[in-house]
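Input: a single structure, listed below in structure tokens.
The values are calculated or read from the model by the stated rules, or taken from the named source; none is laboratory data. Computed from a predicted structure; not experimentally measured. Virtual Cβ from ideal backbone geometry, glycine too; neighbours counted across all protein chains shown.
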Amino acid sequence: MDYLPITVQMQGRRCLIVGGGEVAARKLKHLLKAQSQVVMLSPCFSTEVKEIALKHADSVALIGETFVPEIIKDFYLVVAATDDKFVNRQVSIAAQKQNIWVNVVDDLELSTFIMPAVIDRSPLLIAVSSSGISPVLARKIREKIEWLLPRNLGSLLERLKDLRPKIKARFERFQDKRRFSEWFIESAINDDSVVSGSTESLFDSYQQRYSRTGKVYLVGAGPGAAELLTVKALKILQKADVVLYDALVSEEILDCIRRDATLIFVGKRSSKHFVAQEKTNQLLVDEAQKGLNVVRLKGGDPMIFGRGGEELEYLTRHQVAYEVVPGITAASGCASYSGIPLTHRNYSQSIHFVTAYEKDEGDRVDWQALAKANQTLVFYMGLAKGTKISNKLIANGLSESTTVAVIEKGTTSEQRVILSRLGELPSAVSTQNIQAPALIIVGEVTALATQLHWFNSGELVDARLQYAQVANSAM
Ligand SMILES: C[S@@+](CC[C@H](N)C(=O)[O-])C[C@H]1O[C@@H](n2cnc3c(N)ncnc32)[C@H](O)[C@@H]1O
């Protein structure tokens, strides 16, 4: 971190702005918002500056002179906003000699502080800084955040200030205090009347809403990229007390979880080291019964090859309340990020999501139904089953020249898409050294990836050409 973000109390502090044009006017407005006393020094002032000075005669003094270093005395901070580099440098040197904070507009080297882009919902302030590298980027980020934030944040925060000692007196446990605050904030964001409601009515509504049992949120983390989380998933991760997560949940997504939540890994590290499903089920119940917000975070969508159903059955049996937040399943994520339309009017009228891995050894997959033209087959957990998939589909009548895509680590920066033919699938997996997680898509739509591929465009390997060459040389 090159800069320390701090908020400084500026009320009544004397500040100097050297300059009298448009940029100086902008800085003047910022300083006045923070209730500073501002002296402006410049041989001439723009009409805007003069108008502001007139309107805020108690807080602004204009001095119509050129800069001399001696003027810098007893100021809390100084801003140089002239278009003369020499003057700006003189201002910076003079201020730094006296250990006074100085900002020189558009000159990082001469500045000892910089001003961030600010979202002002006083008393709530959100500052975005690019460490001076790109104020334009900081402003763009501010615009995006501004758009997401509710309008009433300022009054909400004022009310929280008033409620704070009352919450402290009312609740003993830290978790109860926090849960009330979370309930209040969520309700108030959607309803202004909550902000103005009486304290007693607030406590009553809260009491009615919550029993002491917590809740389990079964949340889909999507296929990997954090930006593919849903807004609801992100909100829930931000208020989680405990998160039980799988191996497929990326670091990037774990970073989105509330800092002081407890993280419990319940995935599979190797074929020997994994947490038994029964233990995970029981953990969910135990944590919820402590009155906590428990998140069960799973890769992709929790209800697709994620044992979401089994966990919900267990929670129902133990009378624990739950909510399910869908996620983008690997099929959608990987296909979209590879330029593969899962359906296409010319090539595919239906999709099958198939697990290549089965609970017991019996084969319950209807290979005959799958080995048909004009459909797309998506195999989850199929990396080690390439030979079986290829043999079964061909034996049941699907052409061995059907195009197949294997997508490794889809949607992440390490994504690779390997196109091959059904007859060549096992050798494509081994020669390309494809690693888990990987998804296998079978069907003519996969050939469209060569035209429609847009993400990580260098990472599309068309192994079908190698297949064609081998086939030709054998003839
Ligand atoms: C246990 S299943 C979980 C599926 C998950 N619930 C979903 O909806 O995507 C795991 C399989 O999903 C596929 N998968 C998940 N994330 C993937 C990714 N980022 N890239 C490729 N395949 C992925 C792989 O086939 C992996 O073996």
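Of the residues Y245, Y217, which single one is within 24 Å of C334 (Cβ to Cβ) and either crowded, with 20+ Cβ neighbours inside 10 Å or modelled with pLDDT of 90 or more (or both)?
Numbers: Y217 fails: within 24 Å of C334 (Cβ to Cβ).
Y245 is the lone residue from the list that is within 24 Å of C334 (Cβ to Cβ) and either crowded, with 20+ Cβ neighbours inside 10 Å or modelled with pLDDT of 90 or more (or both).
Please go through segment 173-206 and pick out each residue that is assigned to a helix (DSSP H, G or I), under 30 Å from the mean Cα position of the chain (by Cα) and of a type in the set (D, E). Correct list: D176, E182, E186, D192.
Tallying residues that are on the phi < 0 side of the Ramachandran plot, buried (at least 17 other Cβ atoms within 10 Å of the Cβ) and in contact (Cβ under 8 Å) with a residue 40 or more places away in the chain within segment 119-133 yields 1. For segment 264-297, which residues satisfy the criterion of being over 23 Å from E414 (Cβ atoms), of a type in the set (A, V, I, L, M) and in contact (Cβ under 8 Å) with a residue 12 or more places away in the chain? Within segment 264-297, I264, V266, L283, L284, V285, A288, L292, V294, V295 qualify.
Give the residue, chosen from V91, V79, that is within 38 Å of the chain's Cα centre (by Cα) and outside any loop (DSSP other than H, G, I, E, B).
V79
Count of segment 157-169 residues, restricted to those that are touching a residue at least 24 places away in the same chain (Cβ under 8 Å) and within 22 Å of A240 (Cα to Cα), is 2.
Checked against the criterion of being surrounded by fewer than 16 Cβ atoms within 10 Å (Cβ to Cβ), closer than 22 Å to D107 by Cβ and assigned by TED's automatic domain parsing to the domain that holds V105, the candidates V38, V49, V68, V91 yield just one match: V68. Of the residues making up segment 308-330, those that are under 25 Å from the mean Cα position of the chain (by Cα), under 28 Å from K409 (Cβ atoms) and either more than 7 Å from the ligand (Cβ to nearest atom) or free of Cβ contacts under 8 Å to residues at least 60 places away in the same chain (or both) are G308, V324, V325, P326, I328. Residues in segment 359-411 that are over 17 Å from G423 (Cα atoms), within 16 Å of the ligand (Cβ to nearest atom), touching a residue at least 40 places away in the same chain (Cβ under 8 Å) and crowded, with 19+ Cβ neighbours inside 10 Å: Y380, I407, K409, G410, T411.
Of the residues that sit in segment 412-424 and are more than 14 Å from the ligand (Cβ to nearest atom) and not hydroxyl-bearing (S, T, Y), which one is nearest to the chain's Cα centre (by Cα)? Applying the filter and picking the extreme gives L419. When segment 332-358 is filtered for residues that are within 16 Å of the ligand (Cβ to nearest atom) and either out of contact with any Ser or Thr (no Cβ under 9 Å at 6 or more places or on another chain) or not hydrophobic (A, V, I, L, M, F, W, C) (or both), the ones remaining, listed by number, are S332, G333, S336, Y337, S338, G339, H352, V354, T355, A356, Y357, E358.
The set of residues in segment 378-401 that are assigned to a helix (DSSP H, G or I) and among the charged types (D, E, K, R) comprises K385, K388, K392. The set of residues in segment 219-272 that are over 10 Å from the mean Cα position of the chain (by Cα), charged (D, E, K, R) and assigned to a loop (DSSP other than H, G, I, E, B) comprises K239, D241, D246, R258, R259, D260, R269, K272.
Of everything listed in (1) in contact (Cβ under 8 Å) with a residue 40 or more places away in the chain; (2) in contact with a Leu (Cβ under 9 Å, 6 or more places away or on another chain), the single unmet condition for P116 is (2).
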